[in-house]
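Asks: I'd like to ask some things about the structure below.
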């Protein structure tokens, strides 16, 4: 592969969903769709034939489901990275068990897919040709009439306020004229996690999840606060915490 372009295979038994995902993928720099498979058996054959580096994989399919496909290709010498794209959030644990790097809930937005690709490029163990982006180390923010350099390492939380973002560093906050999505695209995804459309938090500050009933979940942070998680981001946050707990438990 040249230039960091990801050869991408889409697997979905619904033609409309597969085509939508193809359009989204082709609109993102660095992705090239090399094929579409409509079921699990066809997916395995396409992976062996096309050697994709990324598979966007549905779960509920006739014959072999997505989890079985991921398990089947796990032994391949050039195993592709797998991101599940599904309408169901209850399979996140199984997805983690078979080594998926991300879990996207349908309908997948271009913004969410773009974040997933950024995460893949920073994911440990990926081929050297998938060069990670250069993430910013500092943000220049107005403070008392002058521009102040705020190290990204000091930022705990980011909150959207219309066309601005509020950057929290300890008990101090700074207002920056920037959209939260644009700023997120410049931050290392290994350090930050999107909890809802309007909130990003430092990953190391997450201590757990709280079920508030009726399918509503909140992320618990080390400062004692709780942030309600947006439905689009819930599966990804659950997978992140599962991954962290497994890493801590390993000898």
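The values are calculated or read from the model by the stated rules, or taken from the named source; none is laboratory data. Predicted, not measured: the structure shown is a model, and the values here were computed from it. Methodologically, a virtual Cβ is constructed for each residue, glycine included, from the backbone with ideal geometry; neighbour enumeration extends over all protein chains shown.
Asks: Filter the range 180-218 for residues that are over 16 Å from residue 152 (Cα atoms), touching a strand residue (DSSP E or B) at 6+ places or on another chain (Cβ under 8 Å) and assigned to a loop (DSSP other than H, G, I, E, B) and give the result.
Replies: Those that are over 16 Å from residue 152 (Cα atoms), touching a strand residue (DSSP E or B) at 6+ places or on another chain (Cβ under 8 Å) and assigned to a loop (DSSP other than H, G, I, E, B): 197, 198.
Asks: Further, regarding this structure: Select, from 57, 24, 31, 9, the only residue that is touching a strand residue (DSSP E or B) at 6+ places or on another chain (Cβ under 6 Å) and over 19 Å from residue 98 (Cβ atoms).
Replies: 31
Asks: Another question, if that's okay. If you scan the range 144-155, which residues turn out to be under 20 Å from residue 224 (Cβ atoms) and buried (at least 17 other Cβ atoms within 10 Å of the Cβ)?
Replies: 155
Asks: Among what's in the range 196-205 and is touching a helix residue (DSSP H, G or I) at 6+ places or on another chain (Cβ under 8 Å) and at pLDDT below 95, pick the residue that is surrounded by the fewest Cβ atoms within 10 Å (Cβ to Cβ).
Replies: 197
Asks: Determine the pairs where a residue that is in contact (Cβ under 8 Å) with a residue 24 or more places away in the chain, located within the range 140-152, has a partner that is surrounded by fewer than 11 Cβ atoms within 10 Å (Cβ to Cβ) with Cβ atoms under 6 Å apart, the partner being 6 or more residues away or on another chain.
Replies: Going by the 6 Å Cβ cut-off, the qualifying pairs are 152/137.
Asks: Between a first residue in the range 78-102 that is within 18 Å of residue 44 (Cα to Cα) and in the same structural domain as residue 194 (by TED's automatic domain parsing) and a second residue that is part of a helix (DSSP H, G or I) and modelled with pLDDT of 85 or more, which pairs have beta carbons less than 7 Å apart while being 6 or more apart in sequence or on different chains?
Replies: none
Asks: Can you tell me which residue among 99, 66 is surrounded by fewer than 20 Cβ atoms within 10 Å (Cβ to Cβ) and either closer than 24 Å to residue 28 by Cα or in contact with a strand residue (DSSP E or B) (Cβ under 9 Å, 6 or more places away or on another chain) (or both)?
Replies: 99
Asks: From 100, 83, 92, grab the single residue that is within 16 Å of residue 59 (Cβ to Cβ) and at pLDDT 90 or above.
Replies: Being within 16 Å of residue 59 (Cβ to Cβ) and at pLDDT 90 or above holds for just one of 100, 83, 92, which is 83.
Asks: Within the range 231-239, is there a residue that is out of contact with any helix residue (DSSP H, G or I) (no Cβ under 9 Å at 6 or more places or on another chain), surrounded by 15 or more Cβ atoms within 10 Å (Cβ to Cβ) and farther than 18 Å from residue 104 by Cβ?
Replies: Looking through the range 231-239, none of the residues is out of contact with any helix residue (DSSP H, G or I) (no Cβ under 9 Å at 6 or more places or on another chain), surrounded by 15 or more Cβ atoms within 10 Å (Cβ to Cβ) and farther than 18 Å from residue 104 by Cβ.
Asks: Suppose we keep only residues that are in contact with a helix residue (DSSP H, G or I) (Cβ under 6 Å, 6 or more places away or on another chain) and farther than 11 Å from residue 13 by Cβ within the range 39-55. Which one would you say is surrounded by the fewest Cβ atoms within 10 Å (Cβ to Cβ)?
Replies: Step by step, filter the range 39-55, then rank; the result is 44.
Asks: Kindly indicate the residue of the range 165-191 that is touching a helix residue (DSSP H, G or I) at 6+ places or on another chain (Cβ under 6 Å) and buried (at least 20 other Cβ atoms within 10 Å of the Cβ) and also farthest from residue 241 (Cα to Cα) among those meeting that condition.
Replies: By that ranking, first place goes to 165.
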